[in-house]
Amino acid sequence: MDTSEDILQQASPDLVRGSDTARPAKAARLSPSFVSWLQAGPMMLVFLAFFLIPLVFVVIVSFWDYNEYQLLPAFSGRGYTDTFEGCIAQLPDLCTIAKTYLKTLKLCFLVWAITLFIGFWVAYFLAFHVKSKTWQMGLSLLCTIPFWTSNVIRMIAWIPLLGRNGLVNSGLMKTGLISQPLEWLLFSEFSVVLALVHLFTFFMVVPIFNSMIRIDKSLIEAAYDAGATGLQTLVNVIVPLAKPGIVIGSIFVITIVMGDFITIGVMGGQQIAAAGKIIETRVNALQFPAAAANAVILLVITFLIITMMSRIVDIKKEL
Amino acid sequence: MKEGRPRSFYVLAIFFAAYVLFLYGPMIAIYVLSFQGPQGGLTFPMNGVSTYWLAKLFQGTGIIDLGASFRRSLLLGVIVMAVTVVLSVAAGMAFRRKFRAQSILFYSAIASLIVPSIITSLGISLEFRIIDDLIKAHWNENFETSMGLLTSGLGAHLTWTLPFGLLIMFAIFNRFDPRLEEAARDLGATPWQAFRHVVLPIILPSVIGIGLFGFTLSWDELARSSQAIGAVNTLPLDLQGLTTTVTNPDIYALGTIISAVSFAVITLALGTIHMLNKRQAAKGSDAGKGLV
């Protein structure tokens, strides 16, 4: 593969230079591979400086020592031992970190299941039922616009609806269904899941829609002609062909929820512990190595989930 | 002409409408509530209608120094937008040929999108803290910090906007007919001329889309800013800080103003895209025809 590339690269500058001789000679043409480096280099540098090196620092610092107010650059496993404190001593009871991760995984699973359900049917409607291109575009845009507005605003927007004196409670009280305002509507796991679904279903809709729009409609007709029911077509034709989109959307949603600390903080009334919240709490206490250790753990778990999911479908092949 | 719609159409249409209502309903509620009367509270019913809370924000007598963080967010958003557009278009052009490091850049972008924001944010803050310590130890003892809006903050936002920009460029060039460029080259255009007069006009509507993503993602960015922005706050950070202490509708007023900027930018961008598409179609240049 490399050799054919090299041949192409060696061949093309000559072609370009050949066409150049007809015009007043300028400076020698840059070689194509150098141009590629110039074009892609700046973006690579940004990722290097602000993503790859920071990740390395997270791993390094997770093995440093710390005291009340500063980092101590000496090897120590304290970030990790502090994090897993009591995990063996308290057996068979779960320690704090295990409980927190279980809670995070539970939230993650709920949000994933709900966004997948909503995302799949919204995408299905847009891809198969909306026939005119203009309508398809307009309705997709309608789903996209909230994505371009602030997440915090979309969170606090639930307060007037779900609060103690909010629309839902006062509505239910008026109809006489309840006599006391429901307390679990806001600043609870319920409101966290609701807000996460509200914010991130978009990440499910887009990739699934993209997969569905590429499905050859004649395949579906063929399935009908062969006598498949609507359900059979859905299960045996559409779902398998939409699988890449489903997996990509799932990866998005799961990684977002695993690392989330803002929605869980705001909508949980800062009372619900989660994987991302631990990191934030540790940083606020200036315990950077412990924060970094938690970040490494979160990274490993997220990576494991993604690896498991990409087993289901070969992402490299699908992109 | 039309075939009868299947029943599933109506079921799903209702489902879709419910989803749209779910998306927009709560947002509309707070826009309405930001026009509460001076005595109004955090929830319905409205207690009179006024612009009291909005005006209070602008007078600076309210909860925060709105002007300063507003200008900061705007400045950062515009810079992020410009950098995102330039770097994404450049890298997108690079990906049309094979080059070494191609897959490294691709996987960096995907990873940057997927790795939880809090980890990236923490990493950047650690990186800058260590740089600060080095400067203090070796060069200047009185050095304060290299962290700030346009250093670590800008970097943090770019790790979020650039992957989107790059993916949009992939989508553009998947549909782009390279023969248009070859034709330009055959007619004697330099690579720059071919880009400037052939490629750019065709991809311009999508490039504006990248700018839209760049600005709005930065304008609303929170998770990555949280640890990496330094001592100052952006608007979303101010807003998040208010959620725990708020007792009156100025938080909705602030939300409404932030959204108003988003909507202005969205409208401007979509309007421009629409205008460009129309002009491309009307001017009768056959430049776009090869695409279909």
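The values are calculated or read from the model by the stated rules, or taken from the named source; none is laboratory data. On a predicted model such as this, the values are computed, not experimentally measured, just so you know. All Cβ positions, glycine included, derive from the backbone under ideal geometry; neighbour counts span all protein chains shown.
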Checklist (1) buried (at least 24 other Cβ atoms within 10 Å of the Cβ); (2) more than 9 Å from chain A (Cβ to nearest Cβ); (3) under 16 Å from B:Val78 (Cα atoms) applied to B:Ala253, failing item: (3)
Qualifying residue in region B:240-250 (condition: crowded, with 23+ Cβ neighbours inside 10 Å, touching a Phe, Trp or Tyr at 6+ places or on another chain (Cβ under 7 Å) and at pLDDT below 85): yes
Qualifying residues in region A:62-86 (those that are modelled with pLDDT of 80 or more and part of a loop (DSSP other than H, G, I, E, B)) - the one surrounded by the most Cβ atoms within 10 Å (Cβ to Cβ): A:Ser62
Close pairs from region A:114-136: first touching a residue at least 60 places away in the same chain (Cβ under 8 Å), partner in a loop (DSSP other than H, G, I, E, B), Cβ under 9 Å, at least 6 apart: A:Ala127/A:Ile215; A:Phe128/A:Ile215
Selected residue (criterion: nearest to A:Val237 (Cα to Cα)) from residues of region A:112-143 that are under 18 Å from the mean Cα position of the chain (by Cα) and at the interface with chain B (Cβ under 9 Å from one of its Cβ atoms): A:Ile118
Residues located in region B:220-278, provided they are in contact (Cβ under 8 Å) with a residue 40 or more places away in the chain, in contact with a Leu (Cβ under 7 Å, 6 or more places away or on another chain), under 21 Å from A:Phe147 (Cα atoms) and assigned to a loop (DSSP other than H, G, I, E, B): B:Thr234
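Among the residues of region B:222-236, what is the count of those that are more than 9 Å from every other protein chain (Cβ to nearest Cβ) and not β-branched (Val, Ile, Thr)?
Adding up the residues that qualify gives 5.
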Test: A:Thr96 is among the hydroxyl-bearing types (Ser, Thr, Tyr) and modelled with pLDDT of 90 or more: no
Flag for A:Leu8 being at pLDDT 90 or above and within 30 Å of B:Ser108 (Cβ to Cβ): no
Failed criterion for B:Gln39 (all others in (1) within 13 Å of chain A (Cβ to nearest Cβ); (2) outside any helix (DSSP H, G or I); (3) surrounded by fewer than 17 Cβ atoms within 10 Å (Cβ to Cβ) hold): (1)
Which numbered condition A:Leu91 fails, given (1) more than 22 Å from the chain's Cα centre (by Cα); (2) surrounded by 19 or more Cβ atoms within 10 Å (Cβ to Cβ): (2)
The one condition in (1) within 12 Å of chain B (Cβ to nearest Cβ); (2) farther than 25 Å from A:Tyr101 by Cβ that A:Gly269 fails to fulfil: (2)
Checklist (1) within 20 Å of B:Leu154 (Cβ to Cβ); (2) touching a strand residue (DSSP E or B) at 6+ places or on another chain (Cβ under 8 Å) applied to B:Pro249, failing item: (1)
Inter-residue pairs, beta-carbon under 7 Å, first more than 26 Å from B:Lys278 (Cα to Cα) and in region B:180-201, second among the aliphatic types (A, V, I, L, M) and in a helix (DSSP H, G or I), 6+ apart: B:Arg185/B:Ala194
Contacts under 6 angstrom Cβ, first residue in region A:270-287 being assigned to a loop (DSSP other than H, G, I, E, B), partner buried (at least 17 other Cβ atoms within 10 Å of the Cβ) and not polar (S, T, N, Q), 6 or more apart: A:Ile272/A:Ile264; A:Ala274/A:Ile264; A:Gln287/A:Tyr66
Odd one out for B:Phe176 among (1) closer than 20 Å to B:Thr272 by Cα; (2) part of a loop (DSSP other than H, G, I, E, B): (1)
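For region B:141-152, indicate whether the set of residues that are within 22 Å of A:Gly276 (Cα to Cα), within 10 Å of chain A (Cβ to nearest Cβ) and touching a residue at least 60 places away in the same chain (Cβ under 8 Å) is non-empty.
Taking every residue of region B:141-152 in turn, at least one turns out to be within 22 Å of A:Gly276 (Cα to Cα), within 10 Å of chain A (Cβ to nearest Cβ) and touching a residue at least 60 places away in the same chain (Cβ under 8 Å).
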Residue selected from region A:34-61 under the condition surrounded by fewer than 19 Cβ atoms within 10 Å (Cβ to Cβ) and among the aromatic types (Phe, Trp, Tyr), by the criterion nearest to the other protein chains (Cβ to nearest Cβ): A:Trp37
Residues that are under 22 Å from A:Gly259 (Cα atoms) and β-branched (Val, Ile, Thr), drawn from region B:102-118: B:Ile110, B:Ile114, B:Val115, B:Ile118
